[in-house]
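Chemist: Before I ask anything, let me first share the structure, which is written out below as structure tokens.
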Amino acid sequence: MPVQPSAADERQWTRDIRSASLRGAVLLILFANLILGNDHDNIVVHVTVVIGYLAVSLLSLGMAIARRGPRWADTFFVSVDALLVIIVLYEHLFRIDVTQEHGLTTPSLAIAFLLLNHVGLRLMPSLVALFGGIVLAGWVFLLLLMTVLHWSSGIDTHFVTSFSEDLGLAAAFTFAAVVVYLLTSDHRTIMRAAIESEERRMNLSRFFSPSVVSDLQAASDTLDLERREAVVMFVDLREFTRFTETAPALELAEILAEYRGIVAGAVFRTGGTVDKFIGDGIMAVFGQPKPLPDDADRALKCALHLVRVLEDWTEWRRREGKPALDAGIGLHVGTIVGGVLESGFHDEFTVFGDVVNVAQRLEAMTKTLDASLVVSAAMLDRVPASLSAADWITKDTVELPGRRGTIGIAYIERGVAQPIRNLA
């Protein structure tokens with residue numbers, strides 16, 4: 001199966017075609033000079049230069065169309081372009097004695113600046129520096145050579161004027177080359193920053209909903225550890241530990257991937273964040289990093305949706321003859337401590353506190369209660385009646401292992417509830 005070119009490959013191919021086209025413009029200028037010029041004494045040299053550059057241009061075009069070529073091809077072609085500029089400069093600076101008519105013609109300068117823009121369009125500062133360095137070094141050398149050759153015959157006014165103009169043009173070319181270099185460097189820096197930003201966004205999007213990713217990118221202070229109100233949800237597969245003892249690795253990976261995709265998708269669509277995956281356990285948070293007034297509503301809506309969707313998923317796997325495991329969900333709301341927890345080696349963006357412990361214990365109670373969802377009474381107090389009107393069974397005083405005091409809970413027996421199926 002043929003490999004489809006990436007977007008970066010397409011952009012590179014476009015630049016290669018554009019580069020070959022601009023060399024065609026240079027060829028037209030050279031050909032026009034050859035036909036319309038009056039320096040017939042050096043016709044052989046002119047033809048040789050045109051034919052040589054035509055061959056190089058065709059080679060460049062062929063590589064661009066074929067989308068292949070050695071890594072050093074760009075350096076080679078840019079060096080050839082720079083040498084062409086030096087040849088053109090030499091031809092016009094030394095073809096006649098210095099008179100009031102300036103030796104550097106418009107076509108000569110056009111080729112130099114056209115090829116400078118051409119290499120700038122490659123968006124590679126190193127190539128701009130290479131081209132500009134070769135041309136400038138050659139230009140200065142030719143000016144010095146011209147001075148030496150005219151020294152013996154005397155430096156007249158015409159020469160001084162011509163030399164000053166040539167030196168000014170060389171300075172103008174240098175300025176233009178520096179500007180192009182800075183522009184390409186800035187473009188490369190901006191592109192690198194954009195790529196790094198996109199990579200960070202993609203990494204964040206694995207754990208947070210798109211709206212939360214935007215908040216994290218826009219405001220770094222949301223990462224600081226602070227107390228805030230949030231809803232914590234734990235989801236876990238029943239009997240998963242026993243299942244792992246005998247299940248093949250690929251089967252484990254398949255069931256975990258499907259299960260995590262279902263849960264994470266529902267959490268993201270309701271504006272929550274996936275705090276962590278712990279084997280078959282998933283911890284999600286609503287209100288981190290930024291609490292919203294409807295966090296409890298969205299969290300319960302997500303949990304009720306997951307009850308139905310995970311039950312459907314379990315039934316589908318059973319019908320397909322695949323291993324199927326039931327899931328339990330625990331939900332609690334309260335004050336948490338959230339932000340970046342530093343360890344010196346591996347920092348973690350997480351939440352912790354009593355709310356987390358309670359939510360985890362409520363999820364564990366789904367096994368003893370044969371429930372699909374267990375929530376704290378505090379959760380139901382925060383949501384509208386339309387969400388709290390499911391077939392709840394309530395208990396006012398429940399002791400949780402490892403925690404002082406009692407807590408009121410409500411739960412939905414497995415297979416009894418008719419909760420939310422869609423999150424639209």
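Chemist: Run the simple label-point estimate for residue 368 and residue 246 please: 7 Å along Cα→C-beta, distance reported in nm.
Modeler: 2.8
Chemist: If one computes the Cα centroid of segment 315-369 and of segment 236-252, what distance in Å separates the two points?
Modeler: Using only Cα atoms to place each centre, the spacing works out to 18 Å.
Chemist: For segment 295-343, what is one quarter of the convex hull surface built on the Cα atoms, given in nm²?
Modeler: Convex hull of Cα atoms, orientation-averaged projection: 5.5 nm².
Chemist: Now for a separate question. Explain nothing, just the number: dipole magnitude of segment 225-413 about its Cα centre with +1 on each Lys and Arg Cβ and -1 on each Asp and Glu Cβ, in debye rounded to the nearest 20.
Modeler: Dipole size: approximately 160 debye.
Chemist: Return the loop-located GluC sites (Glu not before Pro) in segment 295-366 (DSSP other than H, G, I, E, B) with at most 11 other Cβ atoms within 10 Å of their own Cβ; answer none if there are none.
Modeler: Taking segment 295-366 and a limit of 11 other Cβ atoms within 10 Å, the loop GluC sites (Glu not before Pro) found are 320, 342.
Chemist: Between residue 75 and residue 191, 0.36 nm times their residue separation minus their Cα-Cα distance comes to what?
Modeler: Working it through step by step, the gained length comes to 39.6 nm.
Chemist: A further question follows. DSSP loop (so not H, G, I, E, B), at most 16 other Cβ within 10 Å: list which chymotrypsin sites (Phe, Trp or Tyr not before Pro) in segment 276-349 pass both filters. Intermediate results must be reported in sequence, preceding the final value.
Modeler: Details: sites: 277, 286, 313, 316, 345, 349; in loops: 345.
Counting only loop positions with at most 16 other Cβ atoms within 10 Å, the chymotrypsin sites (Phe, Trp or Tyr not before Pro) in segment 276-349 are 345.
Chemist: Taking the convex hull of the Cα atoms, report for segment 225-413 its projected area averaged over all directions, in nm².
Modeler: Approximately 11.7 nm², given one-decimal rounding.
Quick note: the coordinates plus some simple rules give every number you see, no bench work behind them. Everything quoted here is computed from the prediction, not taken from an experiment. Please note: Cβ atoms are built from the backbone with ideal geometry, for glycine as well, and neighbour counts cover all protein chains shown.
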